[in-house]
1. Any idea how many residues of the stretch 9-21 are assigned to a helix (DSSP H, G or I) and either among the basic types (K, R) or out of contact with any Cys (no Cβ under 7 Å at 6 or more places or on another chain) (or both)?
2. Which one of these is buried (at least 20 other Cβ atoms within 10 Å of the Cβ) and either among the β-branched types (V, I, T) or in contact with a strand residue (DSSP E or B) (Cβ under 7 Å, 6 or more places away or on another chain) (or both): V62, V32, V54?
3. Taking strands (runs of 3 or more DSSP E) that fall entirely within the stretch 75-127, which contain at least 1 residues that are over 19 Å from I6 (Cβ atoms), away from the ligand (no atom under 13 Å from the Cβ) and in contact (Cβ under 8 Å) with a residue 24 or more places away in the chain?
4. If the requirement is being modelled with pLDDT of 95 or more and under 11 Å from the mean Cα position of the chain (by Cα), which of these qualifies: G95, G24, G7?
5. Only residues in the stretch 1-25 that are over 17 Å from G65 (Cα atoms) count as the first member; pair them with residues that are more than 16 Å from the ligand (Cβ to nearest atom) and of a type outside the set (G, A, S), Cβ under 6 angstrom, at least 6 apart or cross-chain, and list the lot.
6. Got at least one residue in the stretch 22-40 being within 14 Å of the ligand (Cβ to nearest atom), part of a loop (DSSP other than H, G, I, E, B) and either of a type in the set (F, W, Y) or farther than 17 Å from H76 by Cα (or both)?
Amino acid sequence: MRVHHIGYLVKKIEKAQAEFTKLGYETEAETVYDGLREIDICFMVKDGTRVELVAPKTETSVVTGLMGRYKNSPYHICYESDDFDGDVENLTKNGYAQIDEPMPAPALGGRRVVFLMNSFLGMIEILEA
Ligand code: NI
């Protein structure tokens with residue numbers, strides 16, 4: 001598995017995008033609305049590090065609950081996997097609990113993603129290569 005991005009929770013995606021731009025990040029993909037999760041997503045890159053800005057668009061979005069806890073903050077690292085089903089199965093046998101079903105990610109060309117939780121590491125995301 002390879003590091004694909006750092007998920008970064010933000011309240012206002014345009015404001016956050018402007019701030020990351022000031023720090024030298026370039027917008028890799030303009031903001032996309034993910035209707036399954038009810039969030040806006042924007043990818044930015046600097047020095048080979050990709051940051052995924054995620055902003056809730058509704059009170060029922062998948063990250064609305066997290067927003068109360070994290071505010072504007074990184075909240076997961078995503079790993080790209082060449083063997084999505086195999087890696088997810090392996091992780092769930094080794095201390096990671098799957099917290100949602102694999103779902104296509106519109107902001108990533110419809111590739112499947114799934115989130116897992118670990119007691120000592122918090123949340124990670126696995127992305128199908
Ligand atoms: Ni992510």
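1. Total satisfying the criteria: 7.
2. Checking each option against the conditions leaves just V54.
3. Where strands (runs of 3 or more DSSP E) fall fully within the stretch 75-127 and carry at least 1 residues being over 19 Å from I6 (Cβ atoms), away from the ligand (no atom under 13 Å from the Cβ) and in contact (Cβ under 8 Å) with a residue 24 or more places away in the chain, they are 103-105.
4. G7
5. From the stretch 1-25, the pairs are G24/K46; Y25/K46.
6. Yes - at least one qualifying residue is present in the stretch 22-40.
The values are calculated or read from the model by the stated rules, or taken from the named source; none is laboratory data. Fair warning: this is a prediction, and the values are worked out from it, not measured in the lab. In this analysis, Cβ positions are derived from the backbone assuming ideal geometry, glycine residues included, and neighbour counts consider all displayed protein chains.
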